[in-house]
Amino acid sequence: MWGALNNGAMQVLNAVFGIVLARKLGQADYGLIGMLTIFTLIANSLQDSGFVTALTNKRDATHHDYNAVFWFNISVSLVLYILFFFCAPFIAYFFHEPILTDLSRYYFISFFIASFSIVPRAILFRQIKQKELAIMAIVSLLVSGAVGIVMAYNGMAYWGLATQTITFNLMVSILSWMLSHFRPSWQFSMKPIKEMFPFSCKMLITSIINQVNNNIFSLVLGKLYTKVEVGTYSQANKWNTMGANTITGMVQGVAQPTFVEVGDDLERLRRAFSKMLRFTSFISFPLMFGLSLVAPEFIVTLIKEKWLPSAHLMQILCIGGAFLPIATLYYNLIISRGKSDVYMWNVIAQGCAILGTILMISTLGNNLDFSLFTFHFSFHNIDLMVIAYVAIIILWTGIWHRFLHQEIRYPFLSALKDILPFLLIAAATMVITYFATCWIENKPLLLLCRILLAALLYLGSLWLFGAKILRECIGFLFNAKSRNHE
């Protein structure tokens, strides 16, 4: 419940601040920050170096281990910032945006500040301290969001967005130290680093490839198109990411520690995985399909018509976003079994497939026209890239299952039985909702009606079909209320 509160509150606050800022700022402002995002995320992966996951998987981790990782992270982050500081002019030259030299040097301070919170957050995560993590994240987001809004409304535009990120990481670092009670010592040893390196280096490579996979469009669009188009895509992807991260955070916050704790009891692992898979599907498909359904009216109502071009990209991305939490659940179990090499090579293969497909599509013209029977289709180049990306994400779920089956012998048909009912009911709900409300012209009213009708149809259908996971969730909530009342 604390995991849900944490991620739910984070996404709501992100949405509120995002709406306020998007109404004030333009596509170009978001485009400049979007061009730099991939560099910051890769730097975050390098400073982490996979040691946080290694610490979580290590059953007898001591202060000696945490201390070694802490000083290693700080050292790597400092070296990276110095490197990126001197590379800033080359980044600006690559994107043909001179302002990026000063902006990147300022924005990249954020990942150095973030390095101070890595080990304290790893301690809280390992101990499943979801309450403390929720408090830390919500307070940090409130403070940083307020700073970003004040700067934006005082004409500082993209500088406000950069400062918002820096402030968030600063607050997270301060609060994580307070809540984890971690205090480093000056005695540094490389021995724990060497012991964890075979596992952590694979996690590092995987993390970098993941960041490239998730942000490849900002890099490609920034090079081939304008900052306005990068901003349009970034806005669409932001809302898709918020929705997917709400579910992914709920899953990831408990999945890996739980799988590690269960250990080698395969029957118990299969039961735990099956229940988590059903719960993830129960939440993910209606939320993400619903977000896809309401994208146009959502954009127009909340952040003005100037962002409407991002709505159709958001609709496509949200279809793929529904499968991301499921993939997260799969690879968390694989990692908990110590198979970081399987995780690494699978992500690398996926990244190569995505990058190769996008580069191939980028060689085509700006528009692709073709006919099928009596239907004529016309796609913009960027649309095709996004569609291909989503298709690969969905199809790759089957590949994740193949490796999971090797670990716990969980049949593919069993996984389909856990996933398909929620996928089909959610899809049918959105189709019915669309046609039942398409006559409504007022955008705010249309948004409200679609949300309410879709929620009623989905939950009503599950109750009618006797979905066990729905009844378990309702029973758990009532029991929790009873315990709190007592």
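The values are calculated or read from the model by the stated rules, or taken from the named source; none is laboratory data. Computed from a prediction, not measured in an experiment: that's the story for all the values here. Glycine gets a Cβ as well: all are built from the backbone with ideal geometry, and neighbour counts include every protein chain shown. What goes into the accessible areas is simple: the full protein's heavy atoms, side chains included, and nothing from ligands, DNA or RNA. Shrake-Rupley method; radii C 1.70, N 1.55, O 1.52, S 1.80 Å.
Summary of values
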{"item": "Set 209, 247: member being in contact with a helix residue (DSSP H, G or I) (Cβ under 8 Å, 6 or more places away or on another chain), within 27 Å of residue 363 (Cα to Cα) and at pLDDT 70 or above", "result": "209"}
{"item": "Of the criteria (1) under 21 Å from residue 228 (Cα atoms); (2) open to solvent by 40 Å² or more (accessible area, probe 1.4 Å); (3) aliphatic (A, V, I, L, M), which one residue 103 fails", "result": "(2)"}
{"item": "Hits in the range 417-454 (condition: hydroxyl-bearing (Ser, Thr, Tyr) and under 22 Å from residue 302 (Cβ atoms))", "result": "433, 434, 437"}
{"item": "Output for the range 317-336, where each listed residue is modelled with pLDDT of 80 or more, under 25 Å from residue 261 (Cα atoms) and open to solvent by 10 Å² or more (accessible area, probe 1.4 Å)", "result": "324, 327, 331"}
{"item": "Residue 149 being of a type in the set (A, V, I, L, M), open to solvent by 60 Å² or more (accessible area, probe 1.4 Å), within 24 Å of residue 19 (Cα to Cα) and under 24 Å from the mean Cα position of the chain (by Cα)", "result": "no"}
{"item": "Total residues in the range 254-294, condition within 24 Å of residue 459 (Cβ to Cβ) and at pLDDT below 85", "result": "1"}
{"item": "Cross-chain or 6+ apart pairs with Cβ under 7 Å, the range 409-436 first and without any contact (Cβ under 8 Å) to a residue 24 or more places away in the chain, then assigned to a helix (DSSP H, G or I) and surrounded by 14 or more Cβ atoms within 10 Å (Cβ to Cβ)", "result": "412/401; 412/405; 436/453"}
{"item": "Residue ranges of helices (runs of 4 or more DSSP H) in the range 395-485 with at least 1 members at pLDDT 90 or above and open to solvent by 40 Å² or more (accessible area, probe 1.4 Å)", "result": "412-437, 443-464"}
